[in-house]
1. Since A:Glu368 meets every condition but one in (1) farther than 22 Å from A:Tyr232 by Cβ; (2) buried (at least 24 other Cβ atoms within 10 Å of the Cβ); (3) of a type outside the set (Val, Ile, Thr), which condition does it not meet?
2. Answer yes or no as to whether B:Thr347 is surrounded by 19 or more Cβ atoms within 10 Å (Cβ to Cβ), in contact (Cβ under 8 Å) with a residue 40 or more places away in the chain and assigned to a helix (DSSP H, G or I).
3. Would you say A:Val65 is within 22 Å of the chain's Cα centre (by Cα) and crowded, with 20+ Cβ neighbours inside 10 Å?
4. Could you count how many residues in region B:358-378 are part of a helix (DSSP H, G or I) and either assigned by TED's automatic domain parsing to the domain that holds B:Asp206 or under 23 Å from B:Thr305 (Cβ atoms) (or both)?
5. Looking at (1) farther than 30 Å from A:Val218 by Cβ; (2) within 19 Å of the chain's Cα centre (by Cα), which is the only condition A:Asn125 fails?
6. Could you grab me the full set of residues in region A:107-137 that are part of a helix (DSSP H, G or I) and in contact with a Ser or Thr (Cβ under 6 Å, 6 or more places away or on another chain)?
7. Residue under question is A:Glu228, and the condition is that it be assigned to a loop (DSSP other than H, G, I, E, B) and more than 20 Å from the chain's Cα centre (by Cα); does it hold?
8. Just need a number here: residues in region B:307-360 that are among the hydroxyl-bearing types (Ser, Thr, Tyr) and in contact with a helix residue (DSSP H, G or I) (Cβ under 6 Å, 6 or more places away or on another chain).
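The values are calculated or read from the model by the stated rules, or taken from the named source; none is laboratory data. As the structure is a prediction and not an experimental result, all values here were calculated from the model. Every residue, glycine among them, receives a Cβ derived from its backbone with ideal geometry; neighbour counts consider all protein chains shown.
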Number of protein chains: 2
Amino acid sequence: MYVDLGNALSSVASPGVSRESLDRLDEDVAVAHERIERGRANAEHGYAALNLPGTADPDAIKATVEPVADAEALVIVGIGGSALGAATLADALDSEVDTYVLDNVDPEHTTALLDDLPLSETAINVVSRSGTTAETLANFLVVREAFETAGVDWTERTVVTTGEAGPLRDLAQKHDLPVLKVPDGVPGRFSVLSTVGLAAAAIRGDDLDALLQGGRDVAESLSGSLFEAPAYAYGATTYALDTRGASVNAMMPYAEGLETYAEWYAQLWAESLGKDGLGQTPVRALGATDQHSQLQLYRAGPRNTMATFVRPRERIDRAIPATDVDGLSYLGDATLGELLDAEFEATEASLAAAGRPNVRIEIERVDERGLGQLLYGLEAACVLAGELHGVDTFVQPAVEWGKNAARGLLGAEGKFEEARAVEEKTRLRVE
Amino acid sequence: MYVDLGNALSSVASPGVSRESLDRLDEDVAVAHERIERGRANAEHGYAALNLPGTADPDAIKATVEPVADAEALVIVGIGGSALGAATLADALDSEVDTYVLDNVDPEHTTALLDDLPLSETAINVVSRSGTTAETLANFLVVREAFETAGVDWTERTVVTTGEAGPLRDLAQKHDLPVLKVPDGVPGRFSVLSTVGLAAAAIRGDDLDALLQGGRDVAESLSGSLFEAPAYAYGATTYALDTRGASVNAMMPYAEGLETYAEWYAQLWAESLGKDGLGQTPVRALGATDQHSQLQLYRAGPRNTMATFVRPRERIDRAIPATDVDGLSYLGDATLGELLDAEFEATEASLAAAGRPNVRIEIERVDERGLGQLLYGLEAACVLAGELHGVDTFVQPAVEWGKNAARGLLGAEGKFEEARAVEEKTRLRVE
């Protein structure tokens, strides 16, 4: 992973960070790095996720999913951190296995998906650490019923990823399902390089070793200076820009396969840093497409936004055929990849020319190793930013209220006072 | 379309708008409405888009696409406003015609798509008002070549949507292609109810009349008071919240089929209002999925965000099967739709309980009429917000610099000084 901070400097952009401020910030990075290393050494909650490139066991994962290794299609049943990592890998990496993610409880969507699937050739990976996630369990019950209706033995097609105990663990034991354990100390949004993200990747035939090698590449570069560790360079710069007014961070990869990666990033950033009134708002964009959608705002709107441009240095390219159309002949000398790269550099420069801060991240290729670098790199960047902000990066307490309210509305047993607040909604209707 | 502003009031949220301030703002709405009506009456640039429910000619569109009405698959070749409207309709409405959008110049993605398509049964709708959009023309040249290589006559499978003149118009005439004219005065991001969005919808067999009827429903409700016009109620409230500190507007539909609608909204909002240092940053989210991704930030992060929750009042539902799993039995009494609606109301209430402003928008169903209402409604809301901010809603000057730079980088003839700035990039690399 390569990071270029040039367009984040105050000599280029406002908000921007001066070279001197970066030097001062580097002292805080050294302190934060020590805290991170201590957390990793003790496998503390959250920090343990940064050990996954060493602690994950790809052979065990491959062995466990072996019963469904013949699948033509795969459905990942999970939500949030139990789905986004696997979905990111599936979007970015080619596979013979058609992969779908059931991460919402929309009845029409779920029905349409199940009607289309070749169930007897389909593998299910149901993922929930607690084994109680309402959306995931509801979907899994519906999927199970669809298999039964079709006369396909769902117990032969299902791999479970869950915690040490809980309803899903019980169910796996009862039906003798292959089950992978979510490792301790790894929050969902930091779990892509664990059983949570890698089970689906193994079923798809992705190269787990290369994914973990990518993670190791970046792990080995972590050091007490942002000028030596690309992941820290990114994390420290986003922190510096945020505290100087860049409250929005638009993640804009220039590769279709990285569209879901931007979604994964948005969860990582929002849940980890969005607390105590702090936190950059992550915005997911896609280059070159969103130049025709978001760029006007980023260049001419409020000075509250930084952009992060991501691209692979190599692509499998395709020539643009020559044309007789007047005014377009310049395209015929180029490839689609050259056009995309020209747009990447032009957009980056257009923000810099308008004094808008941006950072460039590059990987060699959109392949397992490059993805491992990008995913681990952003995780390490996020942990560092959390240390610098002084927030508790690995919790997400603000989502509990809504979960309780929903449970109460559905009539779950227990005292869910939050449900009453729903009934008392303030109304001002315009029809 | 129904709008509920209750959770945007200052009695509930901060930032929030007082009932008295809304009354004062309503006087500005009356003035803005007069300006909008004058623009519509004179079919001025931009305002003309709000006349489309009356001026679009669905029968002419259906007749023009008749030669490809037998298609099994459809590829929309366009970008930004030339793609997002049609993509929104395709995502939301069922069709027998598999629909793909080629709105990026990623070589690997383009090749993978073309390799998978049954070209002899595929229709192409290439869309560019100017007929010079680099990404669209490059993709179209590649698509044309793929047809030729496969021995399929692309001129029999292509419908062009473009302006009165330009390279694409010339090409259509040269090859005698069916061609639809982009109406005058309709910017791309306001063009979904014109030939730009409706050509693809017609090929897919969507009900164009119902789409336009939905637009008319909202158009007829526009009046000089935000308390009588749901679209203005939304536009005025977003303006009031923005000026009070809600610089981010997270659009969160609770329906899988509306995921692309949130993307369409993001372009509408960003390009129309993001200028002169103003403009809310649109964020696209999806309920219930992103409760497990973004909600922590919206509830506990900076007080700079409003949320817009959108849902249909009716869904084709599906029961959650009963379960023997302990602690989940409450799910077995519910349907997926009830679970989704409980989460909608719980999330809305959870933001209100934390004093975070939000607005509810509802339509009857995710069908043509509901979509027509939602799309037209947000356009009218955006035009109103633009009037209140005093910006030029219908232009996007800030994107030109990057276009010139990209052209220069690719060696197009002419003087593109912007390309030199790309070479002079400030670098601070960490590897």
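1. Looking at each condition in turn, A:Glu368 falls short on (2).
2. When the stated conditions are applied, B:Thr347 passes them.
3. no
4. Within region B:358-378, residues that are part of a helix (DSSP H, G or I) and either assigned by TED's automatic domain parsing to the domain that holds B:Asp206 or under 23 Å from B:Thr305 (Cβ atoms) (or both) number 3.
5. A:Asn125 satisfies every listed condition except (1).
6. Listed by number, the list holds a single entry, A:Thr136.
7. yes
8. Going through region B:307-360 one residue at a time, the tally reaches 3.
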